[in-house]
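Working notes, beginning with the structure itself.
The values are calculated or read from the model by the stated rules, or taken from the named source; none is laboratory data. Computed from a prediction, not measured in an experiment: that's the story for all the values here. Cβ coordinates were reconstructed from backbone atoms using ideal geometry, including for glycine residues, and neighbour counts include every protein chain displayed.
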């Protein structure tokens, strides 16, 4: 599976756990990911995110509800958003990303 910015590279290490867990659910088709990147001064310039397809919006809402619950219980550090990507395709595309300020 290759979901990096550069299609010739494997999945980036920092996003791998979430990619693995989303893939293991077998209800999403992941098609792009990025672990996030900092500039030379250590400032975040690209946040981590995963783009995915879901045939049912219920699944994407479920993912959002689960990440909200994990955040509320202190199991994950950041609140994550699930939102619809605006390009057109036969199946609705979504992205999941943390609530970080760039």
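Some points to look at:
- Residue in the stretch 1-16 that is modelled with the highest pLDDT, counting only those that are farther than 15 Å from residue 97 by Cβ and part of a helix (DSSP H, G or I): 16
- Among residues of the stretch 28-41, those that are touching a strand residue (DSSP E or B) at 6+ places or on another chain (Cβ under 8 Å), part of a loop (DSSP other than H, G, I, E, B) and on the phi < 0 side of the Ramachandran plot, counted: 2
- Flag: residue 44 matches the condition of being in contact with a strand residue (DSSP E or B) (Cβ under 9 Å, 6 or more places away or on another chain) and at pLDDT below 90.
- Note on the stretch 71-98: among residues that are over 16 Å from residue 56 (Cα atoms) and outside any loop (DSSP other than H, G, I, E, B), the one that is nearest to the chain's Cα centre (by Cα) is 97.
Every residue, every condition in (1) farther than 22 Å from residue 10 by Cβ; (2) in contact (Cβ under 8 Å) with a residue 60 or more places away in the chain; (3) surrounded by 14 or more Cβ atoms within 10 Å (Cβ to Cβ), yes or no:
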residue: 24; (1), (2), (3): no, no, no
residue: 39; (1), (2), (3): yes, no, no
residue: 48; (1), (2), (3): no, no, yes
residue: 56; (1), (2), (3): yes, no, no
residue: 60; (1), (2), (3): yes, no, yes
residue: 81; (1), (2), (3): yes, no, yes
residue: 87; (1), (2), (3): yes, no, no
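- Subset tally (residues that are out of contact with any strand residue (DSSP E or B) (no Cβ under 9 Å at 6 or more places or on another chain), within 24 Å of residue 11 (Cα to Cα) and either loosely packed, with under 13 Cβ neighbours inside 10 Å or in contact (Cβ under 8 Å) with a residue 60 or more places away in the chain (or both)) for the stretch 62-79: 1
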